[in-house]
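What follows is one structure encoded as structure tokens, with my remarks underneath.
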Amino acid sequence: MTTSWSDAGTPPVPLAPHTHAKDSISYRLKRKLLGYPLTRDALGHQRLTKVTALGVLSSDCISSSAYGSEQILVALIPFFGVAAFAILMPMTLVILAVLLVVTLSYREVVSVYTHTGGSYVVARDNFGPIVAQVAAVALMLDYVVTVAIQSAAGTAALVSAFPVLGPWNLTITIGVVLILFYGNVRGVREAGKAFAFPTYFFVASMSIVLVVGLIREATGHLVRYPIPTHGVEHIGTAHGLLALGSIFYLLRAFANGGSSLTGLEAISNGVSLFKPPEGRNARRTLTIMSAILGTLVLGVSWFAYKTHAFPYTSGTPTVISQIASNILGRGVLGHSLYLLVQLATMLVLYTGANTPFSGFPFLANFIAEDGFLPRQLMKRGHRLAFSNGIIVLTSFAIALLLVIGSHVDKLVAFYAIGVFVGFTMAGFGMAKRAFVRKENGWRRRMAVNLTSGITSMIIVVIFAVSKFTEGAWLVLLIFPIAVIGLIRLHRQYVRENEILAVNATAGASTNIARHDITVLVDSVDLATAGAVRYARSLRPHSLRAVHFVVDDQHAQVVQKAWADSMSVSDIPLSLIDCPDRRLSNAVADYSLRVTANQGVELTLLLPRRSYSPFLGRLLHDNTAETIARGVSQLPRVVATIVPFDVERILAVSEDASVAIEALVPTGPVVIKARVVESETDWSPTNTGPEGQIPIGELRWRKRAIIEGKISAMRVAPQASSPSLEVEVWDKTGGITLHFLGRERIYGLAVGASVRAEGMVGEHDGAFAIYNPSYVLLPGGTPP
């Protein structure tokens, strides 16, 4: 027989393309809905300038100014009546003081944690992973409620402009959440001018409203609304501010106003998106965002006070909508500008609802990496998004909307506790860090962060007490249950990892002293013959076949068919009694008997006939799976299911006597390489840029330059000589690069693009280059 290394042998050929299984109907539908899957090369994120980052990351925070002042009035008017408008401005100033303190604290966070920030990382690094789960639950709750409340507020802005849509309020809100879900599962990213536009549009439109309002107030043309007679909450009468009831309602209003500060942590969660220097750019952007938020909240509160814009029980028209309508007037130009303001408000609120679809999946992935959430949340989906996290977020947000409704004032009760718990953990964590490290200026930093932590903790207590009956009780119930659940899940993962860890003893005992195989026989057919064929290929010490007798007549049929079959009759068939018909127990007893000797490893091969999904379940049982589950707990016993696709054979041929060689599964399919027709065809080949030759046109024993992407890498076993094999493919074929004496080369990784040069040789009948010179190319997946 001639070989390729001799002159008379067959020259080597490029690696042939791999075959692929036919896509299922469900996958084709998935690809139709979501588009073609993205590769890892698309993972690199876009770095943002300060201007773009302000628009992209601050939509959640800045948009909360659309309902913060209104929520203060919702709490004050039922007790204080019209006097609530006089209390609104002092209350707003207190909220802005809290905004200042928290902003100063988060400036420290983004300065230190320039790659991964947020209260979870701060708490984990300074208090440990267990305490950090409090921040984890707070942030996850915050993200869920943010989707619900921002979507509901956006719909309220839409209904305020078009009251006819009022009956479909909840339907529109849930529809928006589903649209955001679909867009994010397809891979919509929060990096680009498209997501920055609504924020600047809203800021610009509200600036026009505030400026025109100040002019109208200065000229005496600002109109005050009359006290409405219907559609509003009960309007109370004035009470003394020091009365016990007054203090309670003031605290409730303060807690409601805290919703204006939601989204303030968004910058800290996205520091890594900034262009270098990340910390400084994030700090400046955070300062600008807080200044804009403070200005808008102050402006809305001022004109709510001046116009007496009452909040309505239905949620529409909103206070900010009434202010814009009053200031801009009801003329053609004024109404057109009013509609633009409502459009801007709706867009920025819906964009703010989209922010958690980026933050929640990454947070869940981060917590899952630490072992406190299921590992399914670490998997990227079809379009590289963390699809499982997006599904969880959407499910909880829609459930919350269905239970509570699309009412901002009711959803606020679930909001601020999670937000301010996060602020509390960040403040105390940064204060501890400053105290422990004692770096330059540590006393000032510790004072700022400690003040932020204490203030936020006080607000959490106020909110829990004042909003207890309105839904805060549920949050207080969920918090400890969720934290304990995460900790218990982590302990389970730790125990599993300890069991699965490869220690010195376990690592040395990977060789089998004696390997026996038993094929479980239910009937003598092609499926059983395929299992026997596979068993022979494993070269066991002992190969047996066993039939458990459940029916005497059937056992006789199996025994006779086994003896008459030329393909299996050389293997002894044992009949084992199973009088109680408990197959799983009988197989387990047999396995224990065979493996009584400590040096014996047993593999059970179970032929499984696969049928159509519907008729298969209707007409056939799943005995193989049941037996495999039963013996999987036994030491030194492995149950292997050998599938045999009956449905595929029925689709291919109606002839039941199709040759066994064509039908029996034999393990991995080997694709034969195409043969070069002429051994003396040494004509010049077409070369690409810089002398590059397509891999499919390479010539044996000729020097060549090739370019392609690394699809696979293999390292020689530790006991053999060091070598690294790298498969490189282009559109025309593949070639293997052999680096002798090397086990790892920095930069060479699966997915990377490479240009290599060397003499084209041969390995196992395919093209190979030994110890080539190479250059890494841009565009591949980084190592």
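Readers should treat all values here as calculations from the given coordinates under stated rules, not as data from a laboratory. These figures come from a predicted structure and were not determined experimentally. Neighbour counts are summed over all protein chains in view; Cβ atoms, including those assigned to glycine, are modelled from backbone coordinates with ideal geometry.
Brief remarks on what is shown
- Here the extension length gained between ASP577 and SER773 equals 63.9 nm, from 0.36 nm per residue of separation less the Cα-Cα distance.
- Three semi-axes of the equivalent ellipsoid, the range 524-607, Cα gyration tensor, whole Å, largest first: 20, 19, 10
- 31 Å Cα-Cα threshold exceeded, pairs from LYS379/LYS432; LYS275/LYS438; LYS30/LYS731: LYS379/LYS432
- Gain on full extension, evaluated as 0.36 nm per residue between ALA447 and MET89 minus their Cα-Cα distance, stands at 126.1 nm.
- Tail weight of P(r) past 14 Å, computed on alpha-carbon pairs of the range 292-364, percent: 70 percent
- Rounded to 0.05, the FRET efficiency of the THR171 and MET713 pair, given R0 = 35 Å and the Cβ-Cβ distance, is 0.10.
- Rg over Rh [alpha-carbon atoms, Kirkwood Rh] for the range 116-219: 1.11
- Over the Cα atoms of the range 398-557, the radius of gyration divided by the Kirkwood radius equals 1.37; this is the Rg/Rh ratio.
- For the range 54-187, the share of alpha carbon pairs falling in successive 5 Å distance bins from zero is 2, 8, 11, 15, 18, 16, 14, 10, 5, 2, 0 percent.
- Residues whose amide H comes within less than 5 Å of that of ILE705, counting only those at least five positions distant or on another chain, are ILE693 (H built at 1.01 Å from N in the peptide plane).
- Taking label positions 7 Å along the Cα-Cβ direction at both LEU538 and ALA563, the computed distance is 2.8 nm, reported to one decimal.
- GLU498/VAL223 FRET efficiency (R0 56 Å; Cβ-Cβ; nearest 0.05): 0.20
- Using C-alpha pairs under 8 Å with a sequence gap of at least 6, the mean separation divided by the residue count of the range 394-489 gives a relative contact order of 30 percent.
- Sites ARG437 and VAL750 - FRET efficiency at Förster radius 45 Å, r taken between beta-carbons, to 0.05: 0.65
- Site pair SER26 and ARG186 shows an inter-label distance of 2.3 nm when each label is modelled 7 Å from Cα along Cα→Cβ.
- Principal axis extents of the Cα atoms in the range 426-495, from largest to smallest and rounded to whole angstrom, are 42, 42, 8.
- Calculated Rg and Dmax of the range 725-773 using C-alpha coordinates, Å: 10.6, 30
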